[in-house]
Structures are given as structure tokens and as C-alpha cells.
Amino acid sequence: MARGLLVRSVERMDRTPPSATAGPAKAHTRVLVVGGGVAALETLLALKERTGGALRPTLLAPHARFRYRPLAAYAGLVPDMTQTVDLARMAAEQGGGLVCDRLAAVDADAHEVRTAHGARIGYDALVVATGAVPQEGLSGALTLGDPHDEPALARLVARVRAGEVGRLAVVVPPGVLWSLPAYELALLLRHAAPAGTTRLAVVTAEEAPMVAAGADFGAAVQGLLDRNDIELQTSTWPDAVADGHLWMPLQGASPVDAAVALARPGGPSLPGLPCDEHGFLPVGPDGRVAEQTRVWAAGDVAAHPLKQGGLAVQQADVVADDVARHLGLEPLTSEGPAPAVLRAALLDGAGTLYLRSRPVVGGFDTEVSREPLWWPPSKIAGGRLPSYLAERETV
Ligand SMILES: Cc1cc2nc3c(=O)[nH]c(=O)nc-3n(C[C@H](O)[C@H](O)[C@H](O)COP(=O)(O)OP(=O)(O)OC[C@H]3O[C@@H](n4cnc5c(N)ncnc54)[C@H](O)[C@@H]3O)c2cc1C
């Protein structure tokens, strides 16, 4: 049951056995990876490792540089530490190349994609890793995770630091299972506010904090809230913030000076590919998109219920494995993908709390520590990308 929260399985239809579609891959086998985020980059790194550099993958991304900015959303509450990677160089290191453009549509019958600039790119294997689209979390509130709201959030943080905000609510809307950034923001704001100036509350639709990661994980988060005098309201979802109040259907209005809501992830509904009711790509346990023989999806664009960078990286590894098998580069084994592990480095203003949850029968096995539980101890953890970034130290 726990595993079902991490990776959703769907029946794969029309799946042709790999041996029937693919012989040993040659250098001209066309592997197209779409996206310029953590899932796409991890796919490139994993493909090279799995195939010994036998492929020449093309990366299709809308920008020339990857900006690793897991702390930028917190608008100056912690040092940004943005790292950047030249995507053309990275793709070349993996034996491939970069096309700077956007995916506009997929023609699965012709095995080609159309780009926003009108180019057509053929593929033998297509990996879609275009992420989710951040949507407003609460009408009238700032949206945490929407880059457009970062300047306004920075202004709010400045007011909190100046002791000008009396009541502030951080809201987790329904349907957001990776809610940790909301708790992290509340804890960071607590440390930014002069003593006694700001009453902080997290208002969440969850039954308990981080319920998707298990009871022990949630208890650790709850303990931090208690110690930092942050009020918690669970199973509550406001309709809007307006006229200095949070408006809640059952509880009525509650006064606030400001509210920040976590973004709700939306699916991109890519033309030419199937999607679920929210626009995400339905995938099987091996990351293959439903009804498709040559298309995979990894990261937030896939219809996995939990949207998290560390999981995106693990999904990319699973996809790279299956793509390699599909292309005849590895013997087929009966082993399925390894269960996903949730890793979180939670900044609470005083330091970092490391949490790791592994799904086990009936729940999760959770470790909580002030010492790193993985290395390098990055915010987005797992796979090869954190080590790749740490080795380069690009700024
Ligand atoms: C405030 C906040 C804090 C977070 N903190 C953490 C954390 O501490 N740890 C953690 O593990 N996760 C964290 N997450 C979640 C994490 O950021 C995401 O799960 C992760 O970025 C998903 O990676 P992705 O590669 O699937 O998508 P993205 O990182 O969104 O990358 C998608 C890429 O695809 C590109 N793209 C989009 N459309 C197209 C197109 N049509 N054609 C080509 N390319 C396209 C985009 O430009 C982008 O480069 C946080 C999220 C938020 C909102």
C-alpha cells in the first residue's frame, strides 16, 4: 500500500516485447530525452552508465543551462546556492547533443516529435521529462513554487524580518502529497521573524503532516512545529484569502495578514500522448507510457502521486534501465524496479534534519538524523546527478 503512493502502476496496453522491436542498439539509434530538469539530466547520466556510452542521446530542452535551485523558492530565507550546468556540454559528455527548443506534440505512429519552432525529430526511444506546471494553490495567496511569485515572496520575507507581519498562514492545498516545502517555509519564517512578532500557522488538507511519507516522518515534522511554536490545522482547506481573512467552508473566517500556499502541480497534457484527468502521463512500473511502445516518462510529468525531485531521479534510473533493455543493450531480467526511497533534507532555520523513508509491508521504515543519511547531502538526493553537480561545483 505504501509503495502505491510512491509509484502508481497502470496496465500497459499494446506493449510489444522488446526483442520484437529492438536489436542491439547502434550509434545511430535515436534516443530523445525531453526536458531540462533533474529527471532529464539523470536519464542522460543513467543511460550512459547503463549502455557504456553506446548511445548518442539528443536532449531537447527549452534553455541552454540547467539551473539547480532547490532553495531559490525560499526567497532569501536561506542562501540560494544556485548551480548551473551547460546543457550542450553535458549532453556532449554523454555522447549526445542538445536541441534548444520545446516539445509541442508527439506523433507516436511516425515515431517523431514536433517542436515549438516547427522542427521534426524522429526517435526510436522517447523519454519525456518535462515536469509539472505550477498552479495557484489558493486564491489570493502567494504561490510557493511558482517562480513568478518569488519577488512578492521576497517582499513578504522582508516584512516578516522587519516584524511587520502579525499573522501568517502557510497552506497545503488538497492533492499535494509532497507538502514538505510548506513546513520548511514555516520553520524558516519562524527563524526570520523577530521574537514575538509573527504568529505562524500551517493549514493543511492532510490528516497529519507529510502523511504520504509515513507516521514517523510526520511525527518528526510535527515535533519541529511544536518546538517552534507553529500552529497546525489539519484536514482543513481554505477557499480563499481575502479581506485579511482565510475563508474556510466549515470553520469560517480566520484573520491573517498574509498567506502563502504551496503550488498544486498540474499536468501539461502533451498533444499526441495519453494523459490522466490532471494532464499527467500514465506510466507502468518501468516508466513506459500507457499505450506506447517507445515512449517513457520520468519525474513530475508522470502520473506518480508524489512529486519530488529525489523520486524523479529514481524514476529516471528505472526508465534508463528499461530503455536500455528495449534497445537490446542489457539482457532482460525478471527483476522489477527497486522500491523508491523518500529522502528529505529539511531546513528548519537551526540546521538540517535528514529524513529517509523506505516503504515496507504495511508502512514505512523511517530514519531521522541531524547527520547526513546520504552523500552528497543534497536537497534533491539519489541517483547520479547530485554527485555530478558536486564534482563540478558550477555556480
Ligand atoms: C518549493 C519547492 C521545494 C522543493 N524542494 C524539494 C527538495 O528539497 N527535494 C526534492 O527532492 N524535491 C523538492 N521539490 C520538488 C522538485 O523540485 C521536483 O519534484 C523536481 O524538480 C521534478 O523534476 P522534473 O525534472 O520532473 O521537473 P522539473 O524540475 O520541473 O524540470 C522540467 C524541465 O522540463 C522543461 N520543459 C517543460 N516543458 C517542456 C517542453 N514542452 N519541452 C521541453 N522541455 C520542457 C522545463 O523547462 C524544465 O527544464 C520542491 C518543489 C517545490 C515547489
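The values are calculated or read from the model by the stated rules, or taken from the named source; none is laboratory data. Note that the structure is predicted; figures quoted are calculated from it, not measured. Neighbour counts run over all protein chains shown; Cβ positions are idealised from the backbone, glycine included. Please note that ligands, DNA and RNA were not included when accessible areas were found on the heavy atoms of the full protein model with its side chains. Shrake-Rupley method; radii C 1.70, N 1.55, O 1.52, S 1.80 Å.
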* For region 145-172, enumerate the residues that are touching a helix residue (DSSP H, G or I) at 6+ places or on another chain (Cβ under 6 Å) and part of a strand (DSSP E or B). => 170, 172
* Check region 228-240 and report whether any residue there is over 25 Å from the mean Cα position of the chain (by Cα) and free of Cβ contacts under 8 Å to residues at least 12 places away in the same chain. => no
* Structure fact -> Among residues of region 93-112 being away from the ligand (no atom under 11 Å from the Cβ) and within 16 Å of residue 271 (Cα to Cα), the residue surrounded by the fewest Cβ atoms within 10 Å (Cβ to Cβ) is 109
* To do: Among the numbered conditions (1) touching an Asp or Glu at 6+ places or on another chain (Cβ under 7 Å); (2) open to solvent by 20 Å² or more (accessible area, probe 1.4 Å); (3) among the β-branched types (Val, Ile, Thr), tell me where residue 115 comes up short.
  => (2)
* Asked: Mind checking whether some residue in region 141-158 is outside the structural domain of residue 73 (by TED's automatic domain parsing), within 18 Å of residue 209 (Cα to Cα), at pLDDT 95 or above and crowded, with 22+ Cβ neighbours inside 10 Å?
  -> yes
* Inside region 66-90, can you point out the residues that are within 10 Å of the ligand (Cβ to nearest atom) and either open to solvent by 30 Å² or more (accessible area, probe 1.4 Å) or charged (D, E, K, R) (or both)? -> 67, 69, 70
* Would you check which residues across region 354-363 are open to solvent by 40 Å² or more (accessible area, probe 1.4 Å) and either in a strand (DSSP E or B) or at negative phi (or both) and list them? => 358, 360, 361
* **Search result, residues across region 51-65 that are within 10 Å of the ligand (Cβ to nearest atom) and open to solvent by less than 20 Å² (accessible area, probe 1.4 Å)** => 59, 60, 61
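Among the residues of region 83-123, write down those that are of a type in the set (Val, Ile, Thr) and farther than 30 Å from residue 386 by Cα.
Across region 83-123, the qualifying residue is only 106.
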* Residue check, residue 343 against (1) closer than 29 Å to residue 94 by Cα; (2) at pLDDT 95 or above; (3) in contact with an Asp or Glu (Cβ under 9 Å, 6 or more places away or on another chain), all met but one. Which one? -> (3)
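Of all strands (runs of 3 or more DSSP E) completely enclosed by region 245-351, which ones contain at least 3 residues that are open to solvent by 20 Å² or more (accessible area, probe 1.4 Å) and within 28 Å of residue 181 (Cβ to Cβ)?
On the way: elements: 245-248, 252-255, 258-262, 264-266, 295-297, 342-347.
Output list reads 252-255.
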* To do: Take region 56-77 and flag every residue that is modelled with pLDDT of 90 or more, assigned to a loop (DSSP other than H, G, I, E, B) and touching a Leu at 6+ places or on another chain (Cβ under 7 Å).
  => 57, 64, 77
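Here's the yes/no breakdown for (1) within 13 Å of the ligand (Cβ to nearest atom); (2) polar (S, T, N, Q):
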| site | (1), (2) |
| --- | --- |
| 182 | yes, no |
| 188 | yes, no |
| 198 | no, yes |
| 202 | no, no |
| 207 | no, no |
